[in-house]
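Here is the structure we will look at.
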Amino acid sequence: MKICITSTGDNLDSAVDPRFGRCAYFMFVDTETLEFKALANPNIDATGGAGIQSSQFVSSQGVSLVATGNVGPNAFQTLSALKIKVFTGANGTIRSTIADFKAGKLNEMTGPSVSSHFGQGDLIK
């Protein structure tokens with residue numbers, strides 16, 4: 001299964017970025033083979049609409065599931081409309097998040113986990 005995990009870096013040992021719309025990287029990972037592609041988030045510095053634009057970007061990569069720390073209302077609504085499931089509570093490394101997903105330790109969301117504009121602060125340096 002091909003999934004997307006928000007990341008602070010470009011490899012499987014990078015930390016999960018707790019933000020969705022303004023994460024540093026999107027990691028597209030095959031959960032069976034661990035083959036991956038890291039793409040820098042083109043919306044990290046967007047003045048507005050980062051959640052919506054990031055949702056559309058992720059969808060263009062053909063995933064059906066996103067794992068992240070948190071997701072706001074606009075991103076959640078857009079991902080849901082695009083038929084992409086959202087799992088929150090991801091933390092640690094990308095590699096450990098894949099293991100957590102396979103073990104059923106992540107939470108599938110039925111709504112946003114944070115309010116609008118959550119990711120606009122500089123959470124990660």
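The values are calculated or read from the model by the stated rules, or taken from the named source; none is laboratory data. Quick caveat: nothing in here was measured; it's all calculated off a predicted structure. Methodologically, a virtual Cβ is constructed for each residue, glycine included, from the backbone with ideal geometry; neighbour enumeration extends over all protein chains shown.
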Selection from the stretch 42-55 of residues among the polar types (S, T, N, Q) and surrounded by 12 or more Cβ atoms within 10 Å (Cβ to Cβ) yields ASN43, GLN53, SER54, SER55
In the stretch 15-26, what count of residues is obtained for those that are among the aliphatic types (A, V, I, L, M) and assigned to a strand (DSSP E or B)? 2
From the option list ALA90, ALA75, single residue qualifying as in contact with a Gly (Cβ under 7 Å, 6 or more places away or on another chain) and either of a type in the set (Lys, Arg) or part of a loop (DSSP other than H, G, I, E, B) (or both) is ALA90
Across (1) in contact with a strand residue (DSSP E or B) (Cβ under 8 Å, 6 or more places away or on another chain); (2) among the basic types (Lys, Arg); (3) over 15 Å from THR110 (Cβ atoms), LYS85 clears everything bar (3)
Does ALA46 satisfy being of a type outside the set (Lys, Arg), without any contact (Cβ under 8 Å) to a residue 40 or more places away in the chain and part of a loop (DSSP other than H, G, I, E, B)? yes
From the list VAL66, VAL58, VAL29, which residue is hydrophobic (A, V, I, L, M, F, W, C), assigned to a helix (DSSP H, G or I) and either surrounded by fewer than 18 Cβ atoms within 10 Å (Cβ to Cβ) or touching a strand residue (DSSP E or B) at 6+ places or on another chain (Cβ under 6 Å) (or both)? VAL58
Looking only at residues that are of a type in the set (A, V, I, L, M, F, W, C) and within 21 Å of GLY9 (Cα to Cα) in the stretch 76-92, which one is surrounded by the most Cβ atoms within 10 Å (Cβ to Cβ)? ALA90
Of all residues being within 26 Å of ASN11 (Cβ to Cβ) and not in a helix (DSSP H, G or I) in the stretch 110-125, which is modelled with the highest pLDDT? Just the residue, please. SER113
Which pairs have Cβ atoms under 8 Å, sit 6 or more apart or on different chains, and link a residue in the stretch 3-17 that is touching a residue at least 60 places away in the same chain (Cβ under 8 Å) to one that is of a type in the set (Asp, Glu) and part of a loop (DSSP other than H, G, I, E, B)? THR6/ASP17; SER7/ASP17; THR8/ASP17
